[in-house]
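Q: Got a structure here, written out as structure tokens. Questions coming.
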Amino acid sequence: MTMTLAKLSPRKGGGLNFIGNLVKVRMSADDGNDGISILEHRMAKGEAPPLHIHRHEDEIFHLMEGCMRFEVDGKTIVAESGDTVLAPKGIPHRFIVESEEGARCLTIMTGHDFGSLVRDISSVFDSEDLPPAVAPTPAMIEKLVAAAAQNNIDIVGPPLA
């Protein structure tokens, strides 16, 4: 039996500025045979994506630091460090980071859709710090909605407040 081992991502260094979040691609869907991707997100307090639906991918959040409130299919779930939350494909969901220190989580998906969205609208950010917070402009929102639709993700409502 032959085993192939590969270190897929660095432990230190920057990542991607994904709308004011620091995202590190820990494993791309192209790295293995099953199409699994793992993205590490660092987010500031108040980070809240719009209500959205992934057409082809379950979205799994594993919270490593902080506290996040999720709404999945209209139900509220509060997650803290060590908790895992599933947002099944086809089900509307959103979250908000509630802890003062922000949050750090892994997002685990099977497929390319979310990883492609992140790459499509992010810029390289070579720092361990969070990118500067920016209030979304209408142009940024339009770009996000278009990129999401192109990657089989439907934005269907506002963020949590």
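The values are calculated or read from the model by the stated rules, or taken from the named source; none is laboratory data. Not measured: the values here are computed from a predicted model. Counting neighbours? That spans all protein chains shown, and the Cβs are built from the backbone with ideal geometry, glycine included. Just the protein is used for accessible areas: all its heavy atoms, side chains included, with ligands, DNA and RNA removed. Shrake-Rupley method; radii C 1.70, N 1.55, O 1.52, S 1.80 Å.
Q: At 1.4 Å probe radius, can you tell me the per residue accessible area of the chain in Å²?
A: It amounts to 55 Å² per residue over the chain.
Q: What is the extension gain from Ser81 to Asn33, computed as 0.36 nm multiplied by their sequence separation minus the C-alpha to C-alpha distance, in nm to one decimal?
A: Once the chain is fully extended between Ser81 and Asn33, it gains 14.3 nm.
Q: Could you tally the net charge around Arg42, taking each other residue with its Cβ under 11 Å from the Cβ of Arg42, Lys/Arg +1 and Asp/Glu -1?
A: Summing Lys/Arg as +1 and Asp/Glu as -1 gives -4.
Q: Ignoring everything but the protein chains, give the 1.4 Å probe accessible area of Phe125 in square angstrom, nearest 10.
A: Per-residue accessible area (Phe125): approximately 40 Å².
Q: Follow-up. Determine the share of the stretch 11-149's accessible area contributed by carbon and sulfur atoms, expressed in whole percent, with a 1.4 angstrom probe.
A: After summing per-atom areas, the C and S share lands at 55 percent.
Q: Just the number: Rg to Rh for the chain, Cα atoms, Kirkwood Rh, two decimals.
A: Dividing the radius of gyration by the Kirkwood radius yields 0.95.
Q: Reported to two decimal places, what Rg/Rh ratio describes the stretch 107-161 when computed on Cα atoms with Rh from the Kirkwood expression?
A: Ratio of gyration radius to Kirkwood radius: 0.98.
Q: Here is a further query. Against the 2.2 N^0.38 Å scaling, with N counting residues, where does the stretch 53-122 land? I'd like the Cα-based Rg ratio to two decimal places.
A: Dividing the Cα Rg of the stretch 53-122 by 2.2 N^0.38 Å gives 1.10.
Q: Got a sec? Which residues in the stretch 28-45 would a label at Ser127 touch, if it sits 7 Å along Cα→Cβ and we count backbone N under 16 Å?
A: 42-45
Q: Moving on to the next point. Which of Lys75, Lys24, Lys45 moves the most in a Gaussian network model of the chain with Cα springs under 10 Å?
A: Residue with maximal mean-square fluctuation among Lys75, Lys24, Lys45: Lys75.
Q: Which FRET efficiency value, to the nearest 0.05, is calculated for Thr110 and Ala135 with the Förster distance at 25 angstrom and r the Cβ-Cβ distance?
A: Once the sixth-power term is evaluated, E becomes 0.15.
Q: Could you please report the charge total around Glu57, scoring K, R as +1 and D, E as -1 over all other residues with beta-carbon less than 13 angstrom from its beta-carbon?
A: Surrounding charge for Glu57 is -3.
Q: I would also like to ask the following. What is the local net charge at Ile121, summed over the other residues whose Cβ is closer than 12 Å to its Cβ (Lys, Arg +1; Asp, Glu -1)?
A: Around Ile121, the surrounding residues sum to 0.
Q: Along the Cα→Cβ direction, 7 angstrom out, place labels at Gln150 and Glu65. What is the inter-label distance in nm?
A: 3.3 nm
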